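The structure appears below as structure tokens.
The values are calculated or read from the model by the stated rules, or taken from the named source; none is laboratory data. Predicted, not measured: the structure shown is a model, and the values here were computed from it. Positions of Cβ are backbone-derived with ideal geometry, glycine not excepted, and every protein chain shown enters the neighbour counts. Heavy atoms of the whole protein, side chains included, go into the accessibility calculation; ligands, DNA and RNA do not. Shrake-Rupley method; radii C 1.70, N 1.55, O 1.52, S 1.80 Å.
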Amino acid sequence: MILRSHAKRQRERERDRDRISELPEPLIHHIFSLLPIKSVVSTSILFTKWRYLWTSIPILDFHNWRSQKYSGAKETNAFMGFVDRVLSFRQDLHSPNIKKFCLDFDYTFDNSRVREWIFTVMRHKVEELVLSDRSGSMYPLCLFTSESLTMLEISKSYLELPASVYFLKLKILRLGVKFWDQLIPKLLSASPVLEELNLQVCARDMQYLSIFGPNLKRLFINGLINQNFNIQIDAPNLQSLKYSSILMKEFVQHNFSTLHDAEAILSRSANRLRERGVLGYLATKLFHNFSYVKRLAISDYSLKLLTYQDRFLKSLPSFYNLIHLEIRSARLEFAYKFGDECSLQCWVVGKLLNFLHVLPNLESLTVADGFCYYELCPYYYWSLDLIPQCMLFHLKTIEFRGFFWNLFEKDLVRLFLKNAIVLQTVRITISDRSFYLPTTDYKKIVLDEIVSYPRGSADCVFHVY
């Protein structure tokens, strides 16, 4: 009896034990790094042990600080005071270093305080700095001669550089700024170990951009450029390239043999001012740069531009290394009259089937958007007089995302099931705008229909989501 009573008390003590406060400090710091900074500070009232623990956390994220009922200057002043208090615990040079600092600010902020905050985190050898700046303020010079920064992200209307710029350890640079002629070359020459460059471009008035990076592995370009824009890339170790904008006049890369994945999400925009033949030539020239890649994502309009070239299949190289292709909608460009409800257009399929002929070793295909099908969209019927080599020998996985499961999409699925004779897996994700979704058994409805289709591969397995 005594033993049972003792065991019961032991279980009660174990149940009431404060396990959270006993967590090791590095683990608590990691948990705090996942929380908004205001939530982290508020934990100081939970345990005596935690009263000042938040003052040494390595990640200070001041993004998304505005409340849903933003009250203007009063709330801004309160927030600036909060940042002052948080950073006041870092004035001592012996206080812990800061791994990451994020700040979202605008013209209502006191520029001198913002500069002081940046100066403080730089003095504490911050490794990752993210500034979302809508103020036009000047930054302290120490930001541009950092020996600790490994990642720098700046969103700002205009970035002015001092005479001396040097980033000894910078590996990731992300810029959302209005470009001027020497901005990128100067930053690249000051970043000897840079591996990733992400440019949200606003360069309507520029004609030329040179990107040189001996250690550059990832390059992302997205934004507003003009149709006479020229980009020259000298990055002998480039592995990943993503380009999302209009088709530019010139895209020159000295050597793309190391490239293993690429995206070319071309949009229509000002390209309508050019002749079809010129657009086809420029698109074909761009795609020649991707002949070594293993994974490629393109927009529907990218395909359309390729077909503007006479006998475009003979103008393209064979993509022998390519094993995965994804096609998606340049949604904002093809909204037609239905806005976002209009995804891929009917004409895409015929061009896609033709494009497959230059992808002899393709193993997987993703159609990343559903097809709009309505009374204004002409009905297409496809037949394969010559089945692409990849469908006969290599295509094993097809994924259809955002399908509405309309007649057009059903025929497309039927076409691939019939002709892809080594197909192993088909995945179909039904769009949340499909009329099937209110039906609780929509997965069964779609599966029952698919299994009735003729199949070239008896081993194919279907998944509906």
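Might you let me know whether segment 180-187 holds any residue that is at pLDDT 95 or above and open to solvent by 10 Å² or more (accessible area, probe 1.4 Å)? Within segment 180-187, none of the residues are at pLDDT 95 or above and open to solvent by 10 Å² or more (accessible area, probe 1.4 Å).
Taken over segment 126-173, the residue count meeting the criterion of being open to solvent by 10 Å² or more (accessible area, probe 1.4 Å), part of a loop (DSSP other than H, G, I, E, B), aliphatic (A, V, I, L, M) and farther than 20 Å from D106 by Cα is 3.
Within segment 237-253, the set of residues being open to solvent by 60 Å² or more (accessible area, probe 1.4 Å) and either part of a strand (DSSP E or B) or more than 17 Å from F287 (Cβ to Cβ) (or both) comprises N237, Q239, K242.
S383 meets the conditions (1) open to solvent by less than 70 Å² (accessible area, probe 1.4 Å); (2) modelled with pLDDT under 80 in every case but one. The failed one is (1). Just one of the listed residues (L332, L305) is at pLDDT below 90, open to solvent by 20 Å² or more (accessible area, probe 1.4 Å) and over 25 Å from E363 (Cβ atoms), namely L332. For R90, the requirement of being touching a His at 6+ places or on another chain (Cβ under 7 Å) and not in a strand (DSSP E or B) is met.
Residue-by-condition table, conditions (1) modelled with pLDDT under 90; (2) more than 30 Å from Y158 (Cβ to Cβ); (3) not hydroxyl-bearing (S, T, Y):
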residue	(1), (2), (3)
S56	yes, yes, no
Y70	yes, no, no
K74	yes, no, yes
F82	yes, no, yes
F89	yes, yes, yes
K100	no, no, yes
N111	no, no, yes
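Kindly establish whether Y107 is surrounded by fewer than 19 Cβ atoms within 10 Å (Cβ to Cβ) and not basic (K, R). Against the criterion (surrounded by fewer than 19 Cβ atoms within 10 Å (Cβ to Cβ) and not basic (K, R)), Y107 qualifies.
For G176, the conditions (1) modelled with pLDDT under 95; (2) of a type outside the set (D, E); (3) buried (at least 19 other Cβ atoms within 10 Å of the Cβ); (4) under 20 Å from E250 (Cα atoms) all hold with the exception of (4).
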